[in-house]
């Protein structure tokens, strides 16, 4: 039975009613009602095996975006589900390098099978090596300090699962110099908090993982702590996940984490802005677990929830930030955040009328109402799941 009501205005009438709902197959025998062209991901599916499967599909999506022409252009651009077209044709260099970082992180995630890990590491290496090749009309990452910072972070991540190829080792000196100069004096202008935090993380990991000078880590710590004071718990989300990861990486092997109280305040603030499925209207049940970006009452959760999920996952697995008596409650929040990330992932039931076909499988949209499958959103979602998988294992074991 469909409810119906009419509202008559001066120039016409507006009719509002529930539309007919269609069922479609969900697996071999079960059926499910689609919602915003896809199924609502159940919280019960957020298990370690389920997260591994989702992360693997995202990694496969990123690997499949390789530019297949004669030129070494790295990765293809964002894919529109409705049209099957790409815009742009070639992904921006910063997004390509972020994908290399996410794939390198996936390659060393606990429990990933050797074959997918090897494919991800090889793809990450290829992206970084092709970034060093200059094609006509292509962006030069060596002239972009932010892209250079992502290159350093990706190289550092890659080095944790094996030695770097000679080509990448050879590029580190000039890259770290560019990042350090920018970190010390960012073009004489104020930069976005997220960019400053990214540079801080790059400098810290340069020292920690790539045998960079000690003063690089010190400079990164200075930038991160200054950001933490400037932003406070209320606005710290604008610099995540880079700020949280930078502070944790800077305290590797230490008894306490620099800025631990501020990070805990950030977590409390963030959890208050997480969409609760018990309070959502039925029509918005697919938003459960996502985070509002700040306190705008008109905002809805979107892909930036993955930025926050990555930090919460890392914090869950660090006993200095999450003692044993808090882990179960924190795990519930992290699982719900992961559920929303998976809600943005493209699955087969969303491709019934899409020209993009299976090329879009595993890609991540910017929001539940968006048809654009993007490289940067998928990379951040993959990073978030990897941090969650490892955080859960570190907190609770296997």
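Looking across the stretch 222-233, the residues that are buried (at least 21 other Cβ atoms within 10 Å of the Cβ) and under 24 Å from residue 388 (Cα atoms) come down to 224, 228. Report whether or not residue 55 is closer than 26 Å to residue 191 by Cβ and buried (at least 16 other Cβ atoms within 10 Å of the Cβ). In short, no.
Picking from residues in the stretch 26-51 that are modelled with pLDDT under 60 and within 30 Å of residue 110 (Cβ to Cβ), the one that is surrounded by the most Cβ atoms within 10 Å (Cβ to Cβ) is 26.
Any idea which of 381, 374, 360 is more than 15 Å from the chain's Cα centre (by Cα) and buried (at least 17 other Cβ atoms within 10 Å of the Cβ)? So the residue among 381, 374, 360 that is more than 15 Å from the chain's Cα centre (by Cα) and buried (at least 17 other Cβ atoms within 10 Å of the Cβ) is 360. Apart from one condition, residue 366 fits all of (1) under 22 Å from residue 95 (Cβ atoms); (2) out of contact with any strand residue (DSSP E or B) (no Cβ under 7 Å at 6 or more places or on another chain); the exception is (2). Here residue 275 fulfils each of the conditions (1) closer than 18 Å to residue 389 by Cα; (2) surrounded by 13 or more Cβ atoms within 10 Å (Cβ to Cβ) apart from (1). Being modelled with pLDDT of 90 or more and in a loop (DSSP other than H, G, I, E, B) is the filter here, so list the residues in the stretch 276-294 that pass it. Result: 288, 289, 290. The lone criterion from (1) within 21 Å of the chain's Cα centre (by Cα); (2) farther than 16 Å from residue 367 by Cβ; (3) free of Cβ contacts under 8 Å to residues at least 12 places away in the same chain left unmet by residue 248 is number (3). Being at pLDDT 95 or above and farther than 16 Å from residue 377 by Cβ is a property that residue 318 has. Residues in the stretch 141-178 that are surrounded by fewer than 18 Cβ atoms within 10 Å (Cβ to Cβ), over 22 Å from residue 197 (Cα atoms) and in contact (Cβ under 8 Å) with a residue 40 or more places away in the chain: 161, 162, 165. Can we say residue 321 is on the phi < 0 side of the Ramachandran plot and out of contact with any strand residue (DSSP E or B) (no Cβ under 6 Å at 6 or more places or on another chain)? Yes. Scanning the stretch 320-365 for residues that are assigned to a loop (DSSP other than H, G, I, E, B) and either free of Cβ contacts under 8 Å to residues at least 40 places away in the same chain or more than 30 Å from residue 260 (Cβ to Cβ) (or both) yields a count of 13. Residue 61 falls short on exactly one of the conditions (1) touching a strand residue (DSSP E or B) at 6+ places or on another chain (Cβ under 7 Å); (2) closer than 26 Å to residue 338 by Cα, and that condition is (1). Taking the condition without any contact (Cβ under 8 Å) to a residue 24 or more places away in the chain and closer than 25 Å to residue 125 by Cα, does residue 200 pass? In short, no. When each of 104, 100, 123, 117 is tested for being more than 16 Å from the chain's Cα centre (by Cα), farther than 26 Å from residue 286 by Cα and buried (at least 23 other Cβ atoms within 10 Å of the Cβ), the lone residue that passes is 123. In this structure, residue 226 does not satisfy being in contact with a helix residue (DSSP H, G or I) (Cβ under 9 Å, 6 or more places away or on another chain) and either in a loop (DSSP other than H, G, I, E, B) or touching a residue at least 40 places away in the same chain (Cβ under 8 Å) (or both).
Can residue 111 be described as farther than 30 Å from residue 392 by Cα and either touching a residue at least 60 places away in the same chain (Cβ under 8 Å) or surrounded by 20 or more Cβ atoms within 10 Å (Cβ to Cβ) (or both)? Considered against the rule, which asks whether it is farther than 30 Å from residue 392 by Cα and either touching a residue at least 60 places away in the same chain (Cβ under 8 Å) or surrounded by 20 or more Cβ atoms within 10 Å (Cβ to Cβ) (or both), residue 111 comes out as no.
Residues in the stretch 234-249 that are modelled with pLDDT under 95 and crowded, with 24+ Cβ neighbours inside 10 Å: 236, 237.
Across the stretch 366-391, the number of residues qualifying as part of a helix (DSSP H, G or I) and over 20 Å from residue 63 (Cα atoms) comes to 4.
When residues in the stretch 120-145 are screened for being touching a helix residue (DSSP H, G or I) at 6+ places or on another chain (Cβ under 6 Å) and part of a helix (DSSP H, G or I), 10 of them pass.
The values are calculated or read from the model by the stated rules, or taken from the named source; none is laboratory data. Quick caveat, the model's predicted, so the values are computed rather than measured. As a convention, Cβ positions derive from the backbone with ideal geometry for all residues, glycine included, and neighbour counts pool all protein chains shown.
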